[in-house]
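The values are calculated or read from the model by the stated rules, or taken from the named source; none is laboratory data. Please read all numbers here as calculations on a predicted model, not as lab measurements. When we count neighbours, we look across all protein chains shown, and the Cβ atoms used for this are built from the backbone with ideal geometry, even at glycine. Accessible surface is based on the protein model in full, side chains and every heavy atom, while ligands, DNA and RNA are left aside. Shrake-Rupley method; radii C 1.70, N 1.55, O 1.52, S 1.80 Å.
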Amino acid sequence: AVNSKNEKNATDSQLKDESLGILKEFFVHDLAVALKADSECANETGEICKIDFDILTDSQDSEPSNLVLNQQSGNQIEVCFKNGTVDKTCVIYAGLNKNEARKISDVIYQDGRSLRKILGLSKQKHN
């Protein structure tokens, strides 16, 4: 359970710093590579490259609570939660089954933005 301000944005901070191997455990190959490249760009330039928010919660200050999971069509799961002062935020995690392992192939945000599109990747079929 997240219980301290030190852990407030732990998910995002750790995700950006993870190795490509760890990212590939959770994301399909091209998305993992693009996430790592964006992280390396930010580290090298000291500037924001393409991602300037927590990719899992679509926020700057991630404190999700009251999570509700809804199975969508195919391999899509909608996760809705209260995030700080925002009443309700919903994010869709689209997945692909690869060799019996489900991996995230895209994250679709409430305003219609797609993580793949933000990173300049082509749209992927979510089956």
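Values computed for the structure shown
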quantity: Scope the range 65-92; condition surrounded by 11 or more Cβ atoms within 10 Å (Cβ to Cβ) and either of a type in the set (D, E) or not in a strand (DSSP E or B) (or both); matching residues; calculated: Q72, G74, N75, E78, G84
quantity: Residues (among the small types (G, A, S) and either at pLDDT 95 or above or surrounded by 15 or more Cβ atoms within 10 Å (Cβ to Cβ) (or both)) located in the range 93-111; calculated: A94, G95, S105
quantity: Inter-residue pairs, beta-carbon under 6 Å, first in contact (Cβ under 8 Å) with a residue 60 or more places away in the chain and over 17 Å from G74 (Cα atoms) and in the range 99-122, second surrounded by 18 or more Cβ atoms within 10 Å (Cβ to Cβ) and not aromatic (F, W, Y), 6+ apart; calculated: L115/I55; L115/D106; L115/V107; R116/D106; L119/A34; L121/A34
quantity: Check on E44, assigned to a helix (DSSP H, G or I), open to solvent by 40 Å² or more (accessible area, probe 1.4 Å) and modelled with pLDDT under 95; calculated: yes
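Residue-wise test of (1) closer than 22 Å to G95 by Cβ; (2) small (G, A, S); (3) at pLDDT 90 or above.
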{"residue": "A32", "(1), (2), (3)": "yes, yes, yes"}
{"residue": "K36", "(1), (2), (3)": "yes, no, yes"}
{"residue": "C49", "(1), (2), (3)": "no, no, yes"}
{"residue": "L56", "(1), (2), (3)": "yes, no, no"}
{"residue": "D61", "(1), (2), (3)": "no, no, no"}
{"residue": "N70", "(1), (2), (3)": "yes, no, yes"}
{"residue": "N75", "(1), (2), (3)": "yes, no, no"}
